[in-house]
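Enquirer: One structure is given below, represented as structure tokens, and several questions about it will come after.
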Amino acid sequence: MYRGVRVRANHLARRALCVLLALCAVSACMASFVRPAHAEGASPRTLVAVSDEWAPRIMAGPDGAAEGICPMVMRKVAEDLGLDVEFGFMPKARRQMAFRRGDINVVPCASPVWEGVLSDVAVYSEPFMMATEMVLVPVGTKGMFRSASDFAGWRMGTIGGYVYPDGFDAAFVQGMVRREDAYTVTQNLQKLLAGRIDAMIVDDYEAAYWIHKGGWSEGDFRVAYVFADPAPISVMLHASLREHLPRVNASLARMRSNGTLRALFAEYGPQKLAAHLTR
């Protein structure tokens with residue numbers, strides 16, 4: 001009996017040691033990736049740019065490296081600043097905590113509209129693009145849609161955890177419009193074309209990217225409604241990097257004037273769907 005207790009105790013001790021070693025390994029990995037925004041008042045030589053994935057603005061490529069509109073913009077900005085840049089991905093809540101601590105010093109695709117909790121530790125570049133939410137329906141869908149109430153009785157494809165203005169969240173709560181959450185935009189596109197939902201809410205660049213990625217055509221869909229207030233997309237810097245803001249804005253202005261931004265928008269968001277509004 002005593003031997004059995006000791007064997008179990010040794011087993012538990014080994015398990016505890018394994019867990020501890022694993023946690024240490026994870027901590028070491030994060031320490032090697034996440035660098036403080038500033039040390040002893042000195043500006044960093046490396047920008048640590050972290051975001052949650054938001055294709056086609058920022059996403060992990062086949063090799064895990066960040067690609068999309070925002071990483072391409074951020075690499076050019078870093079080059080103009082004479083700094084290196086490292087990219088990573090974190091869920092929003094964790095990323096915001098790390099940004100507040102200064103472990104992350106850049107979010108390459110951000111909007112003051114969504115990052116209010118960081119207003120005291122963040123500064124923003126001039127916007128370099130906009131995010132426009134829209135309601136997408138199958139082509140041939142009839143009707144005029146000027147408010148959420150015009151979709152009364154519809155099954156609306158959404159993304160879990162997202163909030164939707166223009167009265168849509170209120171319509172969901174009231175049961176006027178039936179909210180059907182999915183994990184990805186692609187799932188909602190599939191459900192829409194299969195007739196399992198009547199409409200979906202999606203960002204214009206996301207819609208264009210995933211439609212083409214899935215082998216569909218923009219002509220299969222109609223933009224029924226465009227949300228009133230597009231969100232400006234900027235580079236968000238930790239306040240410790242405030243001194244770099246004029247040069248970041250100058251870099252973005254050059255990309256706007258020399259066609260770099262226009263080329264990136266065309267590459268990652270073929271035919272921005274908001275241009276096809278047919279209300």
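The values are calculated or read from the model by the stated rules, or taken from the named source; none is laboratory data. Bear in mind that the values here come from a model prediction, so they are computed numbers and not experimental data. As a convention, Cβ positions derive from the backbone with ideal geometry for all residues, glycine included, and neighbour counts pool all protein chains shown. Note: accessible area is taken over every heavy atom of the protein model, side chains too, but ligands, DNA and RNA are not part of it. Shrake-Rupley method; radii C 1.70, N 1.55, O 1.52, S 1.80 Å.
Enquirer: With respect to the numbered conditions (1) within 30 Å of Pro246 (Cα to Cα); (2) of a type outside the set (Gly, Ala, Ser); (3) part of a loop (DSSP other than H, G, I, E, B), which one is the sole condition not fulfilled by Val123?
Expert: Against the list (1) within 30 Å of Pro246 (Cα to Cα); (2) of a type outside the set (Gly, Ala, Ser); (3) part of a loop (DSSP other than H, G, I, E, B), Val123 comes up short only on (3).
Enquirer: Restricted to region 232-246, and to residues that are buried (at least 19 other Cβ atoms within 10 Å of the Cβ) and either of a type outside the set (S, T, N, Q) or closer than 30 Å to Met144 by Cβ (or both), which residue is nearest to the chain's Cα centre (by Cα)?
Expert: In this case the residue turns out to be Ile233.
Enquirer: In this structure, is Ala131 in contact (Cβ under 8 Å) with a residue 12 or more places away in the chain, among the hydrophobic types (A, V, I, L, M, F, W, C) and buried (at least 22 other Cβ atoms within 10 Å of the Cβ)?
Expert: Judged against the criteria, Ala131 is not a match.
Enquirer: Residue by residue through region 126-165, note down the ones that are of a type outside the set (A, V, I, L, M) and within 30 Å of His244 (Cβ to Cβ).
Expert: Glu126, Pro127, Phe128, Thr132
Enquirer: What are the pairs with Cβ atoms under 6 angstrom where one residue, in region 35-55, is more than 15 Å from Ala78 (Cβ to Cβ) and modelled with pLDDT of 50 or more and the other, located anywhere, is open to solvent by 40 Å² or more (accessible area, probe 1.4 Å) and of a type outside the set (Asp, Glu)? Sequence gap at least six, or different chains.
Expert: Listed pairs, sorted by first residue: Asp52/Pro91; Asp52/Lys92; Glu53/Phe89.
Enquirer: Can you run down the residue pairs with Cβ atoms below 6 Å, 6 or more apart or on separate chains, where the first is in region 179-203 and more than 25 Å from Cys109 (Cβ to Cβ) and the partner is open to solvent by 30 Å² or more (accessible area, probe 1.4 Å) and part of a loop (DSSP other than H, G, I, E, B)?
Expert: Asp198/Trp154; Ala199/Trp154
Enquirer: For region 193-225, name all the residues that are among the aliphatic types (A, V, I, L, M) and within 15 Å of Lys142 (Cα to Cα).
Expert: Passing the criteria: Ala199, Val223, Ala224.
Every residue, every condition in (1) at pLDDT 85 or above; (2) among the acidic types (Asp, Glu); (3) open to solvent by 60 Å² or more (accessible area, probe 1.4 Å); (4) assigned to a helix (DSSP H, G or I), yes or no:
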site: Ser32; (1), (2), (3), (4): no, no, yes, yes
site: Lys76; (1), (2), (3), (4): yes, no, yes, yes
site: Asp80; (1), (2), (3), (4): yes, yes, no, yes
site: Glu86; (1), (2), (3), (4): yes, yes, no, no
site: Arg100; (1), (2), (3), (4): yes, no, yes, yes
site: Val113; (1), (2), (3), (4): yes, no, yes, no
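Enquirer: For the subset of region 247-279 comprising residues that are open to solvent by 30 Å² or more (accessible area, probe 1.4 Å) and not in a helix (DSSP H, G or I), which member is modelled with the lowest pLDDT?
Expert: Arg279
Enquirer: Let me ask something else about it. Which one of the conditions (1) open to solvent by 70 Å² or more (accessible area, probe 1.4 Å); (2) among the charged types (D, E, K, R); (3) farther than 30 Å from Val223 by Cβ does Glu126 fail to meet, given that it meets all the rest?
Expert: Condition not satisfied by Glu126: (3).
Enquirer: Just the residues that are farther than 10 Å from Gly269 by Cβ, open to solvent by 10 Å² or more (accessible area, probe 1.4 Å) and in contact with a Pro (Cβ under 9 Å, 6 or more places away or on another chain), please, taken from region 186-212.
Expert: Passing the criteria: Leu193, Gly195, Asp198, Trp210.
Enquirer: Is one or more of the residues making up region 163-170 at pLDDT below 95, among the hydrophobic types (A, V, I, L, M, F, W, C) and in a loop (DSSP other than H, G, I, E, B)?
Expert: So in region 163-170, the residues at pLDDT below 95 come out as 163-165.
Those left that are additionally among the hydrophobic types (A, V, I, L, M, F, W, C): 163.
Next, from what is left, pick out any that are in a loop (DSSP other than H, G, I, E, B): 163.
There is at least one residue in region 163-170 that is at pLDDT below 95, among the hydrophobic types (A, V, I, L, M, F, W, C) and in a loop (DSSP other than H, G, I, E, B).
Enquirer: Can you say whether Gly157 is within 19 Å of Ala55 (Cβ to Cβ), open to solvent by 70 Å² or more (accessible area, probe 1.4 Å) and either modelled with pLDDT of 95 or more or in a loop (DSSP other than H, G, I, E, B) (or both), as far as the supplied structure shows?
Expert: Numbers: within 19 Å of Ala55 (Cβ to Cβ): yes; open to solvent by 70 Å² or more (accessible area, probe 1.4 Å): no; either modelled with pLDDT of 95 or more or in a loop (DSSP other than H, G, I, E, B) (or both): yes.
Considered against the rule, which asks whether it is within 19 Å of Ala55 (Cβ to Cβ), open to solvent by 70 Å² or more (accessible area, probe 1.4 Å) and either modelled with pLDDT of 95 or more or in a loop (DSSP other than H, G, I, E, B) (or both), Gly157 comes out as no.
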